[in-house]
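Student: Take a look at this one; I'll ask things after.
The values are calculated or read from the model by the stated rules, or taken from the named source; none is laboratory data. Note that this is a predicted model, so its numbers are computed, not measured. All Cβ positions, glycine included, derive from the backbone under ideal geometry; neighbour counts span all protein chains shown.
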Amino acid sequence: MAEEKMKKENKGKKNKKNKPSSQKWKKYKIDGDKIVREACCTRCGPGVFLSKSQGRLYCGKCHYTEFIAKK
Ligand SMILES: [Zn+2]
């Protein structure tokens, strides 16, 4: 019964799922008086961060990929 009620209420509405936010603020660190940024895209400039995956840095905006040298 409870499920039926839920379906009725949802009629004509999209199921909203809360997407995880980009959490860009986590890319900034404050070191004394300076702001330290994590790897930024060289094409897009500061403000566009690169994501780390499989030993690579990837820009989601311009699809720029930077390889991290292995030690
Ligand atoms: Zn970029």
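Student: Of all residues in segment 53-71, which are part of a strand (DSSP E or B) and more than 8 Å from the ligand (Cβ to nearest atom)? Step through it out loud before you land on a result.
Tutor: Within segment 53-71, the first condition is being part of a strand (DSSP E or B), and the residues that meet it are 53, 56-59, 65-67.
Correct list: Ser53, Arg56, Leu57, Tyr58, Thr65, Glu66, Phe67.
Student: Restricted to segment 12-54, and to residues that are of a type in the set (Lys, Arg) and farther than 29 Å from Lys70 by Cβ, which residue is modelled with the highest pLDDT? I'd like the intermediate steps shown before the answer.
Tutor: So the first thing to find is which residues in segment 12-54 are of a type in the set (Lys, Arg), and the list is 13-14, 16-17, 19, 24, 26-27, 29, 34, 37, 43, 52.
Subset that is farther than 29 Å from Lys70 by Cβ: 13-14, 16-17, 19, 34.
Details: Lys13: 78, Lys14: 79, Lys16: 82, Lys17: 85, Lys19: 85, Lys34: 90.
Filtering segment 12-54 for residues that are of a type in the set (Lys, Arg) and farther than 29 Å from Lys70 by Cβ, the one modelled with the highest pLDDT comes out as Lys34.
Student: If we keep just the residues of segment 43-52 that are farther than 17 Å from Lys26 by Cα and surrounded by fewer than 14 Cβ atoms within 10 Å (Cβ to Cβ), which is nearest to the ligand (Cβ to nearest atom)? Spell out how you get there, then give the answer.
Tutor: Going residue by residue through segment 43-52, those that are farther than 17 Å from Lys26 by Cα are 43-45.
If we keep only those that are surrounded by fewer than 14 Cβ atoms within 10 Å (Cβ to Cβ) too, we end up with 43, 45.
Details: Arg43: 4, Gly45: 8 Å.
My answer is Arg43.
Student: Being surrounded by 10 or more Cβ atoms within 10 Å (Cβ to Cβ) and more than 10 Å from the ligand (Cβ to nearest atom) narrows it down to one of Lys29, Lys13, Lys34, so name that one. Lay out the reasoning, then the answer.
Tutor: Working: Lys13 fails: surrounded by 10 or more Cβ atoms within 10 Å (Cβ to Cβ); Lys34 fails: surrounded by 10 or more Cβ atoms within 10 Å (Cβ to Cβ).
So the residue among Lys29, Lys13, Lys34 that is surrounded by 10 or more Cβ atoms within 10 Å (Cβ to Cβ) and more than 10 Å from the ligand (Cβ to nearest atom) is Lys29.
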